[in-house]
1. Placing unit charges on C-beta atoms (Lys and Arg positive, Asp and Glu negative, everything else neutral), compute the dipole magnitude of the stretch 4-99 about its Cα centre in debye, rounded to 20.
2. Please report the projected area of the stretch 4-99's Cα convex hull averaged over all directions, in nm².
3. Compute the distance in nm between two label points, each set 7 Å from the Cα along the Cα-to-Cβ direction, one at Glu321 and one at Arg182.
4. Taking the chain as the reference, fit the longest principal axis to its C-alpha atoms, fit the long axis of helix 260-273 to the helix C-alpha atoms, and give the angle between the two in degrees, 0 to 90, nearest 10.
5. Out of Val113, Phe162, Val194, whose Cα points farthest toward the positive end of the dipole of the stretch 110-349 (charges: +1 Lys, Arg; -1 Asp, Glu; placed on Cβ)?
6. Compute the semi-axes of the equivalent ellipsoid of the stretch 162-280, taking the square root of 5 times each eigenvalue of the Cα gyration tensor, and list them largest first in whole Å.
7. How many times 2.2 N^0.38 Å is the alpha carbon radius of gyration of the stretch 110-349?
8. For the chain, what is the charge dipole size about the Cα centre, in debye to the nearest 20, if Lys and Arg each add +1 at the Cβ and Asp and Glu each add -1 at the Cβ?
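No lab work stands behind these numbers, since they all come straight from the coordinates. Since this is a predicted model, take the numbers as computed values, not measurements. FYI the Cβ positions are ideal-geometry reconstructions off the backbone, even for glycines, and counts take in every protein chain you see.
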Amino acid sequence: MTSPNHDLLTSQAHVWNHLYSYINSMSLKCAIQLGIPDAIDAHGGPMPLSRLSAALSVPPAKSDALRRLMRLLVHSKFFEKVNVSDSNEDAYVLTGASRLLLRRSTLNMAPLVLVVLDRISVDPWHGMGEWLRDGRASMFETEHGSSFWEYAEGSARLDGLFNEGMASDAGCVAGVLGRDGRRVFEGVGTVVDVGGGIGATARGFAAEFPGSEWVVLDLPRVVEGLEGSEKLRFVGGDMFESIPQADAVFLKWVLHDWSDEDCVKILKNCKEAISTKGGKVILVELVVEDREEDDKATETQLFFDLTMMAVINGKERNEKEWAKLFFTAGFGNYKITPVLGLRSVIEVFP
């Protein structure tokens, strides 16, 4: 039996942890802005603190501050501290997580980190209580007076970071499905990538599945001037109006941006596009597991859900919610394959 003091102090520690947990995010952002992962990578081995400080142009008076920052980043498993036989200094090496932050990496997640933690994205959270009482669609709109998409259209910096972040994720998805999910695209000839942006996903899949042909559908301003290839072409259009005919329609992280009503409209257009025998819709989305216990995967999914709510009035969905959308749009069956970590591949059949 625990004492009342133990329960009190445990609860206090719990509040403290959540109160200061934003420091993990801000420290990660700082590491990217300073270029810490790239500096360690360029060093080619365990990098002593003094050399890291010099490489980052950190003045000697701030070297201890850098050491303390690295201590937290090591605890958060972005770097590993190692012993170097000929030095008494702390030295650091990359981990799997920090390798995803390297500029040279085809899976570079740094742009996504920077756009999510940008002041433009973070400031709306300060008005969450105000937003819950007003009539605006999203916290972003309450803070900035326009939707995220409208704001990004007028900000080349924000739009560029967002597109780079989505492009890095495309490489990850294509690589994983190329190894562990090939059956999803078996027998599929032509695929329309709806909301495919600058074509990073389609290019990745065209390389992984040479028997397929890809059409990227996005707004005219997005695809204007983009060059395709024999297996890839770009089409300007609106998924709410119509989608080109194909064997399959592919949507990666698209439907979570939209309300249930809008999703049904998009899915109905998808159904018309795959009217040929054997057609299907392929989604890459979160399927929230709704676990009540302290599960990090579920917690991260719930973070995504509130981010969608805050920024674009979108939502993440559990299986029951996904099924309702599919059947309302006129589909007859679906299959969920949890092959992408926190996300799943969902095949939807007429």
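1. In total the dipole reaches around 180 debye.
2. It is 7.8 nm².
3. If labels sit at Glu321 and Arg182, their model points lie 3.5 nm apart.
4. It works out to around 50 degrees.
5. Val194
6. The answer is 20, 18, 15 Å, longest axis first.
7. 1.00
8. Using Cβ point charges on Lys, Arg, Asp and Glu, the chain gives about 760 debye.
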